[in-house]
Each structure stands twice: as structure tokens, then as C-alpha cells.
Amino acid sequence: MGGMLQEEFNPKLAGQKWIKTAREMATNEPVLGGAMLAMEMLTRRAPWKVEPANQSTEAHKWAEFVDTCRHDMAFTWSEHISEILQCVVYGASYFERVHKIRHGESDHPEFDSKHNDGLIGWAKMAPRSMDSLSYEPWVYDEATARVTAMRQMPAPDFRERIIPWSKLAVFRVRSSKDSPEGRSLFRAAYVPYYFAKRIREVEAIGVERDLAGLPDMQIPLECFMPGASDGQKAMRAHFEQMVPRIRRGEYEGLVRPSELDSKGNPTGYKFGLVNSGGRRPVDVDAIIRRYESRMLIAFLCEFLLLGTDKVGSFALSSDKTELFSLGLGAILDMICEVYNRTEIPLLMKLNGVPQELTPTLEHGDVEKVNLVDVASYVSTLTGAGHLMPSEELDKHLLEIADLPQAKTIDDGAPATPIARRELVELAPIEESIAPERERIEPDEPETKADEPEVKAADTALNGAQVTAAQGIVTSVAAGELPRDTGVSMLVEFFTMDVARAERVMGSVGRGFVPTTVAKLRDGQSQRHQDAHATVQNARDRGDLVKKPCSECGDSNSEAHHDDYDKPLDVRWLCRPCHSALHSRNK
């Protein structure tokens, strides 16, 4: 059973008529062409990778195999992504998968392979264009009413060919009622496109007539009279045909009776141009820009117009581009879903690979990460103690910044000059932390022969970790942390044993006295700390603003509480005035 879909309520936009209209929109409309170019360029630069099913060696092997297949097709992967994006224009894009046995060079160039391992890979994902579909393109199963094949009549012979649905990889940017045609993003932009196109045409004709003038032909009045002779009628008809041809393009001109001179005699035949006076009452340019904006809204691409009217902030641009990136991410998710649901599992099945080893295709971020925001975020978390430096964190930060990974030299230390300088400056602490530099105490038990040797590079701390450990020791020495807490933090965060952590801590903190304990009545120290913490949080949020000293006007002031049960009821005093007040209250 064959047929065509009739979901479109506008008959002018159904079937092949819509295919032609969508192609015209994508080809002739500058703002839509710019939106498509932005989509294509950003999606082509997105990183792609194949993730193994698990961490086994076999799973990694097949993940690498799929990745090689991706780069071993007749078309490049970037070209394939560009073809897939045709679904944005037409609603869906279709590809007939073609496999090959990887035997190196072949008599047929499209079956050539960079590999000679005898495995089955992808020869190509051959695009099947929407404009090559037949008038009734879909073959349905009468029992299930599902599509079983696609009919097409491609150039150059335009003979009808039937492609089984099971041989097709189908990409739909939006799905509607499980339609094989999907739903085009261009459809939502059609109405503003239609009016913008018509208004531009009228504007062009109007500009031409304003510049060249309106043809005006005057002929004797007798030619317009009911009793005009045949010659006069023929003369009138001749000039009526001549005037529109004065300007190529739209037929426009006037044929009217001639004027009379000062003596009342007709002037006879006269030709001229009538110029339009004054300005147009309608701002055509503003109307066209409004319709262009509506077209781009359908693609979340309105940011392309920012700055064309000399308005628009950076923050607004950032918000709009972020939304556009999310939309592109959803399209890339759709591509991954098609490959992970049908293409990669089928490839694994043809090569006899167990299902549990089937890898998955994943994409990276479309938009570059703002490194300033990342640095601020990591710094804030690290300062608050919620994030500790680690090798995995260092690797991830280098990856998102597109920087090379740090290498090590023979002694296991980082090879970069900055890291080398950190090792020299922090030598006193690192000497007690890094296992390869740790002094062996006489009373330590010797390593048993049958115990596995621990490599120094596996347990050594990097520069950031040494800095963090130094901060813990400094906090204990300043009385901000109890010694036991500092030792526990070293053990927990840096996988040390207690003995090593005690050696790192040295003698600091043995007579720990908290520096934040105020000399107040019993039971008030905790309220004192809580009140000042509330003040600090309120200042961070902007709810509480620091003011000059209420006694002397010094701008370097601090908060004073008359009642710790009212933490936000404060007086701002400089340090001398604050100390004098506490001295008077003793």
C-alpha cells in the first residue's frame, strides 16, 4: 500500500510543493541562510567520541574500531553532519547505509579502506534527498500502517526505486505523529518569510519608480471620446501598449487626455515622467526587520540581528547564544540517538560482537566554555573546602581549556617550569609529604619482599595538592583549626597514614587555643561567631552594606553587635573605636 501524507493544512505547502518552497527559503533568504550557516559551522566543530561499554580491554578495542569506521567512509564525518542538518530545512534527512569489508584498497574507490583487518565497516551513508522522492513516496504495511519502504525518482534517469525502510538511517529534527517526514523548522518561519519577500518586492518596485519616475503619456481628448475614429482608437491603444514598456519590470504608467494651452487649444501628444513627492508614510525597513526577527526566532537565532540596530547588550547576547547552543545540543543528541539505537548495534552484530560490548557515540559541547567562569567556580569551591585538587581535576580542566596535558620527567616531577618553581618554593612541606623525598625513620618497619612496590609517581602530590596541604598546616599554626582536625584532613584528603600526617604537621597546634573565641560570658562565644557569620553572609548577598564608623567617620569599619540575638542589628565602628567601646563595657 502506497501513499502520501496529508498533515499540512495549507495545500500550497504540501508534498513536493513544500520541498520546493523550503529549498527556496534556504537558498534565497539571507537571514535563514545565515542561521543555517551558524548551525552548520557550530555542529561541525563539536567534538565527537566513541565511549566503550565498560572499562575492559575488549570494550575499549571495539570502541576504537567504531571510531575508525567513522573516519573511514567515502564522505568525511563533517560532510555527513552537514547532510544530516538538511532535516532542519525539510523536516527529515534519509541515508542509505552501505557496508564494506575492510580490505585496504579496492577496485571501487567508495569501498577503499584505511584498514586491512577484514572487519565490516561503513562504506558510506549515502544521502537520499527529499526532492528526489516520488509523488507518493511512502509504502505502508496494511496490517500495521507503518512505513516499510520509500519510493524515489533520482536523477539522472528519474526511474522509480524502492528502498526498504530497514536500510535507511532516518534523522528527524522534530517528530510529529511518527511521520516519516518529520516537521521542518522552516515551516514556522514561512509566514514572516512570505510577507518579508512580498514587501521587499514592493519596496524594490517603489524605489525604482521613485528614482526613474512614473511614465505619463498625454494624448488628445478626442482619442478618449466614445465617437473616436478607428485611427484615434488605434493610436490610443498603441500608446497604452507603449507606456508600460518604457520601464522594464512591472507594467506601470498613465495614459490620459492632453492638457489645454493658455488659449484653450489642446496641446496634442505629450510624454513625461511623474515623480512622487514627499516621503513614504510607512517605514518599510522597520517592517522587514520585524519579519526577519520573526524568522530567526523560529531557529532561536535572533542574536544574529543584535547590533544591526546599534542596540543590544552583551548579557542579552550571551543569554540568546546560550539558548541557541542548547538547541544545537538537542540536534546533536538526536544524531547520537540514531547511531546508538540502530547503526552501531547493527555494525557490532555484523562483526559478531556481543551486545554488552556495544559502544556509544557521544558529542562534546557546541560552545566553548567560558574559562573565566570556570576558574572562578573552581576557585570558590576549593576555597570553601568542597573541592580538593586531584589529577583527574587537573586533566579535566586542561581538556576544557584545550591545553596539552602535563608531562613528567625522570624524577616523576611535573615538567612545566611553573610546577618546577612550586616544588622549589614548597620544598620544606613537600619534603615531608612526597614519598620519594620522605626521610626513612630508623624505627619504621622494612618493606616485605612479597609486598607490591608502590611507585613514587603514584603517591606523590602535585603542586596544587602541596599548596592545599600547606594551607591546612598554616591554619593549624594560626589557631584556626585544632591539630587533630588538621591531621584528620591530611589523612582524608591526601590518603596519608596518621604517622605521616603527624610528621607533616610537626609541632604546630599542640597548644591549640581558638583565635575566634571571644572573651565573653559563658555561653556567648558561639552566639558571637554565629552573629558575625550572619553579617558576613548578608554582606556577600548584598543585603547589608558596610558604612563608615559611626563615631569618627573612618571608612575602615567593622560590625559591632549590642545584642547577639539580633545579628543584623549592627553598629559600624573602626577598630580603635570598637576596642574603646569594649574597654568601657568591661
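The values are calculated or read from the model by the stated rules, or taken from the named source; none is laboratory data. Treat the numbers as computed from the prediction; the structure is a model and nothing was measured. All Cβ positions, even for glycine, are placed from backbone atoms using ideal geometry, and neighbour counts span all protein chains on display.
In segment 107-120, the residues that are of a type in the set (A, V, I, L, M, F, W, C) reach residues that are surrounded by 11 or more Cβ atoms within 10 Å (Cβ to Cβ) and assigned to a loop (DSSP other than H, G, I, E, B) with C-beta atoms within less than 7 angstrom, at least six apart or across chains, in these pairs: L119/R102; L119/N351; I120/N351. If you go through segment 55-64 and pick out every residue that is of a type outside the set (G, A, S) and touching a residue at least 60 places away in the same chain (Cβ under 8 Å), you end up with 2. On the given criteria, is P154 farther than 24 Å from C336 by Cα, buried (at least 19 other Cβ atoms within 10 Å of the Cβ) and at pLDDT below 90? No; evaluated as a whole, the condition is false for this residue.
For segment 164-210, a residue qualifies if it is part of a helix (DSSP H, G or I), among the hydroxyl-bearing types (S, T, Y) and under 30 Å from the mean Cα position of the chain (by Cα), and the qualifying residues are Y190, Y193, Y194.
When only residues in segment 530-558 that are of a type in the set (D, E) and part of a helix (DSSP H, G or I) count, which is nearest to L581 (Cα to Cα)? Here the residue is D530. Only residues that are surrounded by fewer than 18 Cβ atoms within 10 Å (Cβ to Cβ) and either farther than 26 Å from H108 by Cα or in contact with a Ser or Thr (Cβ under 6 Å, 6 or more places away or on another chain) (or both): list them for segment 118-133, please. Result: D131, single match. Against the definition (out of contact with any helix residue (DSSP H, G or I) (no Cβ under 6 Å at 6 or more places or on another chain), of a type in the set (A, V, I, L, M) and modelled with pLDDT under 90), how does V372 come out, yes or no? For V372, the condition - out of contact with any helix residue (DSSP H, G or I) (no Cβ under 6 Å at 6 or more places or on another chain), of a type in the set (A, V, I, L, M) and modelled with pLDDT under 90 - is met.
Among the residues of segment 43-56, the one identified as part of a helix (DSSP H, G or I) and crowded, with 18+ Cβ neighbours inside 10 Å is T43.
Has segment 230-239 got at least one residue that is under 28 Å from K20 (Cβ atoms) and in a helix (DSSP H, G or I)? There is no residue in segment 230-239 that is under 28 Å from K20 (Cβ atoms) and in a helix (DSSP H, G or I). Inside segment 112-134, residues that are of a type in the set (A, V, I, L, M) and over 12 Å from Q152 (Cβ atoms) make up a count of 4.
Taken together, S176, S132 contain a single residue that is in contact (Cβ under 8 Å) with a residue 40 or more places away in the chain and among the polar types (S, T, N, Q), which is S176.
Of the residues making up segment 207-225, those that are at pLDDT below 75 and not acidic (D, E) are R209, L211, A212, G213, L214, P215. Only one entry in A143, A169, A228 is out of contact with any Ser or Thr (no Cβ under 8 Å at 6 or more places or on another chain) and assigned by TED's automatic domain parsing to the domain that holds S93, namely A143.
Quick check on segment 77-115: of everything there that is under 30 Å from L185 (Cβ atoms) and of a type in the set (S, T, Y), which residue is surrounded by the fewest Cβ atoms within 10 Å (Cβ to Cβ)?
Per the criteria, the residue is S78.
So for segment 552-565 (the condition being under 13 Å from A531 (Cα atoms), in contact with a helix residue (DSSP H, G or I) (Cβ under 8 Å, 6 or more places away or on another chain), surrounded by 10 or more Cβ atoms within 10 Å (Cβ to Cβ) and at pLDDT below 85), does at least one residue qualify? Among the residues of segment 552-565, at least one is under 13 Å from A531 (Cα atoms), in contact with a helix residue (DSSP H, G or I) (Cβ under 8 Å, 6 or more places away or on another chain), surrounded by 10 or more Cβ atoms within 10 Å (Cβ to Cβ) and at pLDDT below 85, which makes the answer yes.
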